[in-house]
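Written below as structure tokens is the structure these notes are about.
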Amino acid sequence: MTTVGAPGTPRRYFHSLWLLSARDLKVRYSTSALGYLWSVLDPLVMSAIYWFVFTQVFQRTVGEQPYIIFLISALLPWVWFNSAVGDFTRAFKKDARLVRSTAIPRTIWVNRIVLSKGIEFLFSLPVIAIFVVVNMMTESDPTKVAHIGWGILWLPVAVLLQALLLVGLGLLVAPLCALYTDLERTTALILRAMFYATPIIYNVQDLPGLFQTIGMFNPLAGIMTLYRMAFFPDQWQPQAVLISVAMSLIILVLGIWVFRTLERPVLKEL
């Protein structure tokens, strides 16, 4: 075991984190005939539905062209966020025996979800590239053609910022849901509402008046801006990005404090 570091060292922690995350991915894909496709099927179906509704049924007044790229560039990170937060509610109960019996820091049961769902998100990114290529090959109107610009350099920043936000939320949600079971259903309801409160089918600039300012305080607003910068540089919103950075750090600090406070009560409850 010396090859992976002594107990309590960061090297041992990250080794254990990787093993648990890899286990989650193996279980997810080995028991499914479609495997990897499930990582992209949900956002693809959602994108197809919203694209049809807002381009073929109703006259769309929000978003950018090409709208399908506009949708997917935000839906993929939303799936990472939504699935991770949903799993946080069961993070301790799902592996209660291991949580009680192992000596590794209990934060690993939150961080493994962030990492495994994050890897699935990265696996889904080629879907955007496929749609961009198809769009370039089939669209004759230059105003509706997607182009990858310098804004793609913001992608790693967006991924890191979203990971920090999810870690903070996980450290908050996981212990609270372990102690108060009703919060699991409450979290699901909040996630449903948050989908429409997050600039996915629209952009922050599309909100009217005061709602635009309020929308910027959604920590995902600035993160979605960073993801879309690769294709829509005109969507740059520095204020929203700075607010997302500040709120993500605040949530992370608050999550660490709550987790340390509730860790012992959670172990007793399990």
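Between K94 and T181, the modelled label-to-label distance comes to 1.9 nm, taking each label 7 Å out from Cα in the direction of the beta carbon.
Across the chain, C-alpha contacts under 8 Å between residues 6 or more apart give a mean separation that, scaled by the residue count, equals a relative contact order of 24 percent. Identify, among A197, P156, L166, the residue whose Cα sits farthest towards the positive end of the charge dipole of the chain, taking +1 on the Cβ of Lys and Arg and -1 on the Cβ of Asp and Glu, with the dipole about the Cα centre. The residue sitting most towards the positive pole is L166.
To the nearest 20 debye, what is the magnitude of the charge dipole of the chain about its Cα centre, counting +1 on the Cβ of each Lys and Arg and -1 on the Cβ of each Asp and Glu?
For this selection, approximately 1200 debye.
Helix-only arithmetic for the chain: the sum of -39500 (n - 2.57) across DSSP H runs with n ≥ 4, divided by the residue total, places the mean residue ellipticity at 222 nm at -23000 deg cm²/dmol.
Relative to the present Cα-Cα distance, how much length would full extension add between K144 and Y196 at 0.36 nm per residue of separation? Don't jump to the answer; show the numbers that get you there.
Numbers: separation 52, 0.36 × 52 = 18.72 nm, distance 2.49 nm.
Result: 16.2 nm gained on full extension.
What order, most packed first, do the peptides 249-261, 109-121, 78-90, 173-185 have when packing is the mean number of other Cβ atoms within 10 Å of each residue?
Values: 249-261: 15.5, 109-121: 22.5, 78-90: 20.8, 173-185: 17.6.
By packing density, highest mean first, the sequence is 109-121, 78-90, 173-185, 249-261.
For the stretch 170-270, the spread of Cα positions along the three principal axes, ordered from largest to smallest, is 52, 26, 24 Å. Match the structure shown to one of the listed values [x] 0.97; [y] 0.93; [z] 1.00 of Rg/Rh (Cα atoms, Kirkwood Rh), computed from it, and give that label. Only one listed value fits the structure, namely [z].
Computed from the coordinates by the stated procedures, all read-outs in this text should not be read as laboratory data. From a predicted model like this one, the values you see are computed outputs, not experimental measurements. With ideal geometry, Cβ positions are generated from the backbone for all residues, glycine too; neighbour counts draw on all protein chains shown.
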